[in-house]
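> Below you'll find the structure I mean.
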Amino acid sequence: MNTKLSSKELRSIENFVKEKLKNADPAHDFDHVKNVVRLASLIGKEEDANFRILIPAAYFHDIVRKGKHHEKKSAELAEKFLRKIGFSEPEIRKIKEAIIESSWESFKKGINPKSLEGKVLRDADWLEALGARGIARVFAFGGCLKRRIGKVKWDPENPVRLKSRFPDPSSIYHFFSKLLWLKNGIQTKLGKKLAKQRHEFMVRFLKRYKKEWEGKL
């Protein structure tokens, strides 16, 4: 079974997604997508995932951001484009499923990925919210929302789980309502290893930030 994309297919997908995301916010722009694709490729290789499903799903997973059910809208846009460039109907169905089942919206409804490609994609997407990249993205997105930076009032090593809101009242609050909990939901072996490292980096950052805020450093 052919599980790879041709160079022509890959260029077509990348160019289409890049154009669609040219006005996206800095936390969900084409750089974000490319990093998700890189992580999905890394983990997918370890897991022997089907790249004809995984890579298109990674490229399209955040192509629509506005409005309710944007994960379904992203999947529908992927369907239209991939059908035009010759993907089969079974492939398109699996790509759509991977996009939807790996989304944060599905997770909030208690839905976890069933397919290997969905698991790998969710791990890749969540890893992008952790570590140095996660720190950069949370403050970039916070700036777009005009969200306060905030103060570390809680212990990053033994965090209290704050109620998630949209938008959260501060970027620091967002670490405690979401980001510090992501590593617990990572599903692949390599993903767990990378998540542990990135999580620990975030904890160190928050501890340092707290000391600087308090004037101790």
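The values are calculated or read from the model by the stated rules, or taken from the named source; none is laboratory data. Worth saying up front: this structure is predicted, and the values here are computed from it rather than measured. Cβ coordinates were reconstructed from backbone atoms using ideal geometry, including for glycine residues, and neighbour counts include every protein chain displayed. Surface areas here come from the heavy atoms of the whole protein model, side chains and all, with no ligands, DNA or RNA. Shrake-Rupley method; radii C 1.70, N 1.55, O 1.52, S 1.80 Å.
> Which whole-Hz couplings ³J(HN,Hα) result when phi for each residue of region 168-173 is put into the Karplus expression 6.51 cos²θ - 1.76 cosθ + 1.60, θ = phi - 60°, listed in order with x for Gly and Pro?
Per-residue couplings from phi come out as 4, x, 8, 5, 5, 4 Hz.
> Could you tell me which of rounded, prolate or oblate describes region 12-60, using a ≥ b ≥ c as the square roots of the eigenvalues of the alpha-carbon gyration tensor, with rounded for a/c under 1.5 and, failing that, prolate when a/b is larger than b/c and oblate otherwise?
oblate
> Give me the angle, in degrees from 0 to 90, between the Cα long axis of helix 7-20 and the longest principal axis of the Cα atoms of the chain, rounded to the nearest 10.
Computed tilt is about 50 degrees.
> Obtain the nm distance between the two label points defined at E214 and D31 by a simple spin-label model: each point lies 7 Å from its Cα along the Cα-to-C-beta direction.
3.2
> Run the dipole for the chain about the Cα centre, Lys and Arg Cβ at +1, Asp and Glu Cβ at -1, nothing else charged, and hand back the magnitude in debye, nearest 20.
About 660 debye.
> Tell me, rounded to the nearest percent, the portion of alpha carbon pairs in the chain spaced more than 27 Å apart.
Looking at the chain, the distances longer than 27 Å represent 32 percent of pairs.
> Moving on. Compute the semi-axes of the equivalent ellipsoid of region 97-217, taking the square root of 5 times each eigenvalue of the Cα gyration tensor, and list them largest first in whole Å.
Working through the eigenvalues yields semi-axes of 26, 16, 12 Å.
> Which residue, T188, F205, L5, has the largest displacement toward the positive end of the dipole of the chain when charges sit on each Cβ (Lys, Arg +1; Asp, Glu -1)?
Going by the Cα projections, it comes out as F205.
> So which lysines pass the test for K211, namely a Cα distance under 16 Å, with those fewer than 8 places away in the same chain ruled out?
Straight-distance partners of K211: K151, K153.
> At a Förster radius of 45 Å, what calculated FRET efficiency corresponds to the Cβ-Cβ distance of K207 and R11, to the nearest 0.05?
Efficiency at R0 = 45 Å is approximately 0.55.
> Something else now. Computed from the mean reciprocal separation of all distinct C-alpha pairs, what Kirkwood hydrodynamic radius does region 130-176 have, in Å?
When all Cα pairs of region 130-176 are included, the Kirkwood radius is 11.0 Å.
> Students often get this wrong, so check it: of K109/K183; K109/K216; K146/K216; K4/K108; K34/K73, which have C-alpha atoms separated by over 30 Å?
Correct reply: K109/K216; K4/K108.
> While we're looking at this one, here's another question. Using R₀ = 22 Å, calculate the FRET efficiency as 1/(1 + (r/R₀)^6) where r is the Cβ-Cβ separation of W181 and D48; round to 0.05.
0.15
> Using a 1.4 Å probe, what is the accessible area per residue for the chain, in Å²?
Spelled out: the 1.4 Å probe surface of the chain, per residue, equals 55 Å².
> What's the longest uninterrupted piece of the chain once you rule out the trypsin sites (Lys or Arg not before Pro) that are loop residues per DSSP with at most 15 other Cβ within 10 Å?
The segment 166-215 is the longest one with no such site.
> Quick check: at a probe of 1.4 Å, how many percent of the accessible area of the chain sits on carbon and sulfur atoms?
Carbon with sulfur: 51 percent of the solvent-accessible area.
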